[in-house]
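The values are calculated or read from the model by the stated rules, or taken from the named source; none is laboratory data. These numbers were taken from a predicted model, which means no experiment stands behind them. As a convention, Cβ positions derive from the backbone with ideal geometry for all residues, glycine included, and neighbour counts pool all protein chains shown. When the accessible area is computed, the model is the full protein with side chains, heavy atoms only, and any ligands, DNA or RNA have been set aside. Shrake-Rupley method; radii C 1.70, N 1.55, O 1.52, S 1.80 Å.
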Amino acid sequence: MAEVTIVGAGVVGLSCAVRLLEAGHGVRVYGREPSVETTSAVAAAVWYPYLAEPRDRVTGWSAATLAEFTVLAARGVDGVVMTPGTEIFRERVDEPWWTTAVPSVERVDRPRPGYAEGWSFVSPVIEMPVYLPWLVARVRALGGTVEQRTVASLGDLDGTVVNATGLGARELIGDTSLTPVRGQVVYLEQVGIDRWWIDDNDLRNPTYVVPRSRDIVVGGTEDHGAEDTTVARATADAILDRARALVPELAQARVLGHNVGLRPSRPTVRLEREGEIVHCYGHGGAGVTLSWGCADEVASLIG
């Protein structure tokens, strides 16, 4: 069995660590920041393939991840809840490509005023401030280690290495194909919302409402190339207006906070072995959605 160093302590790196430990490998995880401060922690995070290519591989990884989250939810794992919801469209569309990864999808006519149709299914909602600590604890319970450490070069590490650094791979290995895609969200008090909604009709300003146990995450933005992580108040106001128009029940919900994350976008997800390094990054807005499927493939590449 191999001794593996995983660089990156977000949801992808930690999921890879669990799979490798389950396979009997020795694993240590190095993160530049704690898991709860990574981009993963900002995610809404509802299972939904978003800003990730190529579609054939993404579909397989997404399906495997959906199956794993379904099992974790049935086991009562912290922060994983199967939740009904609907993606809605102002005009009728062909069945979305990602539905092949979902066991059961229902077409809905006029799901909301002003919308022609929607596609409803039950999806896991992952409460990242709860789930990420569970992943860290799982890694440690299996005998792995997680520590905060900045890695300047993958060449400084011995043995097998998994590069799960997300946007950090731009500087770490010089991957100039990576582009940050800024996403801003608002956290509202939980006022009894029990299903998620996604409206992607405006590609630069997707609107989503994702209920969690303690709050409701509403978003968002899709600003390609933007790297400013400062909360923009005008943007937050626009997000709230769109979310409340979509789900009027949010009209009186108090604002609890704001956040901004930079999604690691790439023309295609990079998941391949290069000598003793396995690269697994560039998941765009689908790190959570692809996490377990990609972790399975990483474990397979390492053997």
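How many of the residues making up the range 249-274 are touching a Cys at 6+ places or on another chain (Cβ under 9 Å) and without any contact (Cβ under 8 Å) to a residue 60 or more places away in the chain?
Step one: of the range 249-274, the residues touching a Cys at 6+ places or on another chain (Cβ under 9 Å) are 269-272.
Now restrict to residues that are without any contact (Cβ under 8 Å) to a residue 60 or more places away in the chain: 272.
Summing the residues that are touching a Cys at 6+ places or on another chain (Cβ under 9 Å) and without any contact (Cβ under 8 Å) to a residue 60 or more places away in the chain in the range 249-274 gives 1.
Filter the range 90-100 down to residues that are open to solvent by 30 Å² or more (accessible area, probe 1.4 Å), in contact with a helix residue (DSSP H, G or I) (Cβ under 7 Å, 6 or more places away or on another chain) and of a type outside the set (S, T, N, Q), then give me how many there are.
Counting residues in the range 90-100 that are open to solvent by 30 Å² or more (accessible area, probe 1.4 Å), in contact with a helix residue (DSSP H, G or I) (Cβ under 7 Å, 6 or more places away or on another chain) and of a type outside the set (S, T, N, Q) gives 1.
Considering only residues that are outside any strand (DSSP E or B) and among the hydroxyl-bearing types (Ser, Thr, Tyr), look in the range 206-229 and name the one that is surrounded by the most Cβ atoms within 10 Å (Cβ to Cβ).
Ranking the qualifying residues of the range 206-229, first place goes to Thr221.
When only residues in the range 282-303 that are open to solvent by 10 Å² or more (accessible area, probe 1.4 Å) and either of a type in the set (Gly, Ala, Ser) or modelled with pLDDT under 95 (or both) count, which is farthest from the chain's Cα centre (by Cα)?
Per the stated criteria, the residue is Gly303.
Which numbered condition in (1) in contact with a strand residue (DSSP E or B) (Cβ under 7 Å, 6 or more places away or on another chain); (2) closer than 25 Å to Gly261 by Cα is the only one that Thr176 fails?
(1)
Which one of these is open to solvent by 50 Å² or more (accessible area, probe 1.4 Å) and either in contact with a Gly (Cβ under 9 Å, 6 or more places away or on another chain) or among the small types (Gly, Ala, Ser) (or both): Glu33, Glu68, Glu53, Glu87?
After ruling out the rest, the residue left standing is Glu53.
Tell me whether the range 182-197 contains one or more residues that are in contact with a helix residue (DSSP H, G or I) (Cβ under 8 Å, 6 or more places away or on another chain), surrounded by fewer than 16 Cβ atoms within 10 Å (Cβ to Cβ) and of a type in the set (Gly, Ala, Ser).
Checked against the condition, which is being in contact with a helix residue (DSSP H, G or I) (Cβ under 8 Å, 6 or more places away or on another chain), surrounded by fewer than 16 Cβ atoms within 10 Å (Cβ to Cβ) and of a type in the set (Gly, Ala, Ser), the range 182-197 yields at least one hit.
Take the residues in the range 71-84 that are open to solvent by 40 Å² or more (accessible area, probe 1.4 Å) and in contact with a Phe, Trp or Tyr (Cβ under 9 Å, 6 or more places away or on another chain), then tell me which one is farthest from Val36 (Cα to Cα).
Filtering the range 71-84 for residues that are open to solvent by 40 Å² or more (accessible area, probe 1.4 Å) and in contact with a Phe, Trp or Tyr (Cβ under 9 Å, 6 or more places away or on another chain), the one farthest from Val36 (Cα to Cα) comes out as Pro84.
What's the total number of residues in the range 14-26 that are under 21 Å from Asp158 (Cβ atoms) and in contact with a Cys (Cβ under 8 Å, 6 or more places away or on another chain)?
Matching residues across the range 14-26 total 1.
Looking only at the range 235-255, count every residue that is more than 22 Å from Thr83 (Cα to Cα) and open to solvent by 80 Å² or more (accessible area, probe 1.4 Å) and tell me the total.
Final tally of qualifying residues: 4.
Going through the range 258-281 one residue at a time, which ones are among the small types (Gly, Ala, Ser) and open to solvent by less than 30 Å² (accessible area, probe 1.4 Å)?
Matches in the range 258-281: Gly261, Ser265.
Right, Ala232: of a type outside the set (Ser, Thr, Tyr) and open to solvent by less than 10 Å² (accessible area, probe 1.4 Å) or not? Step through it out loud before you land on a result.
Details: of a type outside the set (Ser, Thr, Tyr): yes; open to solvent by less than 10 Å² (accessible area, probe 1.4 Å): no.
For Ala232, the condition - of a type outside the set (Ser, Thr, Tyr) and open to solvent by less than 10 Å² (accessible area, probe 1.4 Å) - is not met.
Could you tell me whether the range 159-181 includes any residue that is within 20 Å of the chain's Cα centre (by Cα) and more than 30 Å from Val27 (Cα to Cα)?
Taking every residue of the range 159-181 in turn, at least one turns out to be within 20 Å of the chain's Cα centre (by Cα) and more than 30 Å from Val27 (Cα to Cα).
Sort out which residues of the range 148-205 are of a type in the set (Ser, Thr, Tyr), in a loop (DSSP other than H, G, I, E, B) and in contact (Cβ under 8 Å) with a residue 60 or more places away in the chain, and write them in order of number.
Once the filter is applied, which keeps residues that are of a type in the set (Ser, Thr, Tyr), in a loop (DSSP other than H, G, I, E, B) and in contact (Cβ under 8 Å) with a residue 60 or more places away in the chain, the range 148-205 yields Thr150, Thr165, Ser177.
If the Cβ limit is 7 Å and pairs must be 6+ apart or interchain, which residue in the range 210-224 that is under 14 Å from Ile126 (Cα atoms) pairs with which residue that is of a type in the set (Asp, Glu) and surrounded by fewer than 23 Cβ atoms within 10 Å (Cβ to Cβ)?
Qualifying pairs under 7 Å: Pro211/Asp194; Arg212/Glu127; Ser213/Glu127; Asp215/Glu189.
Restricting attention to the range 158-169, which residues are buried (at least 18 other Cβ atoms within 10 Å of the Cβ) and on the phi < 0 side of the Ramachandran plot?
Thr160, Val161, Val162, Asn163, Ala164, Thr165, Leu167, Gly168, Ala169
Of all residues in the range 101-147, how many are in a strand (DSSP E or B) and open to solvent by 60 Å² or more (accessible area, probe 1.4 Å)?
The number of residues fulfilling the criteria is 6.
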